[in-house]
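The values are calculated or read from the model by the stated rules, or taken from the named source; none is laboratory data. Not measured: the values here are computed from a predicted model. As a convention, Cβ positions derive from the backbone with ideal geometry for all residues, glycine included, and neighbour counts pool all protein chains shown.
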Amino acid sequence: MSPPLPRLPQRERTAHKGDFGRALLIGGSRGMSGAIALSGMAALRGGAGLVRLAVPEVCLDTVASFEPSYMTLPLPCDSHGRIAGRARNALEDAIESATCIACGPGLGQTDSLQDLVEWLYRSVAKPMVLDADSLNLLAKCEDTLSRPGGPRILTPHPGEFQRLSQEKKLNTSEAQQRAVELAVQCGVTIVLKGNPTLVTNGARTHLNTTGNPGMATGGTGDVLTGLITALVCQKLTPYDAARLAVYVHGLAGDLAAEELGQVSLISSDLLKYIPAALREVS
């Protein structure tokens, strides 16, 4: 029998937004504004007290237009609308005030972004969730994965995990075993997305039981990134935050599929069902 799901701390009546953490999400690019916006909205629905999205200045207005409840930080960008390497200076103050950082949704891949992701991974002591292109960029960095600067949660799908682990194509069982080994080797928590999704920190491993094929659509991983970030902001450990977020994320998908059907389910639908999913597990 699996151990009971972790629970968020009870909210005191005298609480204020600062008690529930400051989420900083880094990503987005021209044509990929929706990815980081989905993460930001999921961080809000997941209960983070303050959410800030650091995005290329060229798409800041688009990102801001999705949701008035999060803040935005404009970053310098290159000619293709991706975050430029010189954005590091602009990020340092925001990182200082953040409780948990996420990086990757809609980010894109360039040499300067590889340098930026490597610096974030190795130098920032705050907890960090890495997804999408941040994982693809990490896979290109020699000797970086085993040198995290602080608590790290990696959320690869099978293709991203293959690149991270530098293995030839693995079947599901082989990939799960390799994820446990990599978590031990690198001192990180890994969320290996799939059916079922595996959560492991090397010492503990959990197979998730929620979710359905309707969630196999663009953007659902971005929602998960924001949700994990929010739960870390609320003082859950990386492993507990990942485990609870994966369960709630899948349950939101199940609730959405019951009403909308699997074929018509889209990633933004999950945002509408996260509140009900969180109520059910609390």
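Are there any pairs with C-beta distances below 7 angstrom linking a residue in segment 177-200 that is over 15 Å from Gly159 (Cα atoms) to a residue that is of a type in the set (D, E, K, R) and not in a strand (DSSP E or B), with the two at least 6 apart or on different chains, and if so which?
Val199/Arg243
Can you name the number of the only condition in (1) within 18 Å of the chain's Cα centre (by Cα); (2) within 23 Å of Tyr247 (Cβ to Cβ) that Gly27 fails?
All conditions are met except number (2).
Pairs needed: first member in segment 158-174, over 15 Å from Asn195 (Cα atoms) and free of Cβ contacts under 8 Å to residues at least 24 places away in the same chain; second member anywhere, surrounded by 14 or more Cβ atoms within 10 Å (Cβ to Cβ) and not basic (Lys, Arg); C-beta distance under 7 Å; at least 6 residues apart or different chains.
Qualifying pairs under 7 Å: Gln162/Leu170; Ser165/Leu182; Lys169/Gln162.
Taking into account only those residues within segment 80-134 that are of a type in the set (A, V, I, L, M, F, W, C) and farther than 22 Å from Val63 by Cα, which is surrounded by the most Cβ atoms within 10 Å (Cβ to Cβ)? Break it down stepwise before answering.
Of the residues in segment 80-134, the ones of a type in the set (A, V, I, L, M, F, W, C) are 83-84, 87, 90-91, 94-95, 98, 100-103, 107, 113, 116-117, 119-120, 124-125, 128-130, 132.
From the residues that got through so far, the ones that are farther than 22 Å from Val63 by Cα too are 119-120, 124-125.
Details: Trp119: 15, Leu120: 23, Val124: 20, Ala125: 10.
Among them, the one singled out is Leu120.
More than 24 Å from Lys235 (Cα to Cα), under 12 Å from the mean Cα position of the chain (by Cα) and among the acidic types (Asp, Glu), is that true of Asp133? Write out each step before concluding.
On the way: more than 24 Å from Lys235 (Cα to Cα): yes; under 12 Å from the mean Cα position of the chain (by Cα): yes; among the acidic types (Asp, Glu): yes.
Yes, satisfied.
Restricting attention to segment 67-82, and to residues there that are touching a strand residue (DSSP E or B) at 6+ places or on another chain (Cβ under 7 Å) and in a loop (DSSP other than H, G, I, E, B), which single residue is nearest to Val232 (Cα to Cα)?
Of everything passing the filter in segment 67-82, Tyr70 is nearest to Val232 (Cα to Cα).
Among the candidates Arg30, Arg82, which residue alone is more than 23 Å from Gly150 (Cβ to Cβ) and touching a Cys at 6+ places or on another chain (Cβ under 6 Å)? Step through it out loud before you land on a result.
Values: Arg82 fails: touching a Cys at 6+ places or on another chain (Cβ under 6 Å).
Going through Arg30, Arg82 in turn, the sole match is Arg30.
Could you run through segment 83-108 and say how many residues are in contact with a strand residue (DSSP E or B) (Cβ under 6 Å, 6 or more places away or on another chain) and in a loop (DSSP other than H, G, I, E, B)?
So the count comes out to 4.
Go through the residues of segment 236-259 one by one and say whether even a single one is among the β-branched types (Val, Ile, Thr), over 17 Å from Ala42 (Cβ atoms) and in contact with a helix residue (DSSP H, G or I) (Cβ under 8 Å, 6 or more places away or on another chain). Before you say what the answer is, go through the steps one by one.
Kept after step one, since they are among the β-branched types (Val, Ile, Thr), are these residues of segment 236-259: 237, 246, 248.
After this cut, where a residue has to be over 17 Å from Ala42 (Cβ atoms) as well, the list is 237.
With in contact with a helix residue (DSSP H, G or I) (Cβ under 8 Å, 6 or more places away or on another chain) added as a condition, the list becomes none.
Checked segment 236-259: no residue is among the β-branched types (Val, Ile, Thr), over 17 Å from Ala42 (Cβ atoms) and in contact with a helix residue (DSSP H, G or I) (Cβ under 8 Å, 6 or more places away or on another chain).
If you take the residues of segment 252-265 that are of a type outside the set (A, V, I, L, M) and not in a helix (DSSP H, G or I), which of them is nearest to Ala241 (Cα to Cα)?
If we filter segment 252-265 for residues that are of a type outside the set (A, V, I, L, M), which is where we start, we get 253-254, 258-259, 261-262, 264.
When the remaining residues are screened for being not in a helix (DSSP H, G or I), the result is 261-262, 264.
Details: Gly261: 28, Gln262: 26, Ser264: 29 Å.
By that ranking, first place goes to Gln262.
Sort through Ala175, Ala87 and tell me the only one that's of a type outside the set (Val, Ile, Thr), modelled with pLDDT of 95 or more and in contact with an Asp or Glu (Cβ under 9 Å, 6 or more places away or on another chain).
Values: Ala87 fails: in contact with an Asp or Glu (Cβ under 9 Å, 6 or more places away or on another chain).
Going through Ala175, Ala87 in turn, just one is of a type outside the set (Val, Ile, Thr), modelled with pLDDT of 95 or more and in contact with an Asp or Glu (Cβ under 9 Å, 6 or more places away or on another chain): Ala175.
What pairs come out if I take residues in segment 59-80 that are closer than 14 Å to Ser33 by Cα and pair them with residues that are aromatic (Phe, Trp, Tyr) whose C-beta lies under 9 Å away, six or more apart or interchain?
Partner pairs satisfying both residue conditions: Val63/Tyr70; Ala64/Tyr70.
Residue check: is Ser268 polar (S, T, N, Q) and in a loop (DSSP other than H, G, I, E, B)? Break it down into steps so the answer makes sense when it comes.
Details: polar (S, T, N, Q): yes; in a loop (DSSP other than H, G, I, E, B): no.
No.
Every residue, every condition in (1) surrounded by fewer than 24 Cβ atoms within 10 Å (Cβ to Cβ); (2) in contact (Cβ under 8 Å) with a residue 12 or more places away in the chain, yes or no:
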site	(1), (2)
Arg11	yes, no
Arg22	yes, yes
Ile26	no, yes
Ala37	no, yes
Gly46	no, yes
Val51	no, yes
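With the condition kept exactly as written, say whether any residue in segment 153-168 is part of a strand (DSSP E or B) and touching a strand residue (DSSP E or B) at 6+ places or on another chain (Cβ under 7 Å). Steps first, answer last, please.
To start, the set of residues in segment 153-168 that are part of a strand (DSSP E or B) comprises 153-154.
Checking the rest, the ones that are also touching a strand residue (DSSP E or B) at 6+ places or on another chain (Cβ under 7 Å) come to 153-154.
Checked segment 153-168: at least one residue is part of a strand (DSSP E or B) and touching a strand residue (DSSP E or B) at 6+ places or on another chain (Cβ under 7 Å).
Would you check which residues across segment 203-222 are over 22 Å from Gly104 (Cβ atoms) and assigned to a loop (DSSP other than H, G, I, E, B) and list them?
Listed by number, the residues that qualify are Ala203, Arg204, Thr209, Thr210, Asn212.
Just to be sure I understand the filter: pairs with C-beta atoms under 7 Å, separated by 6 or more residues or on different chains, first member in segment 110-126 and at positive phi, second member of a type outside the set (Asp, Glu). Which pairs pass?
Close Cβ pairs (under 7 Å, with a partner that is of a type outside the set (Asp, Glu)) do not exist here.
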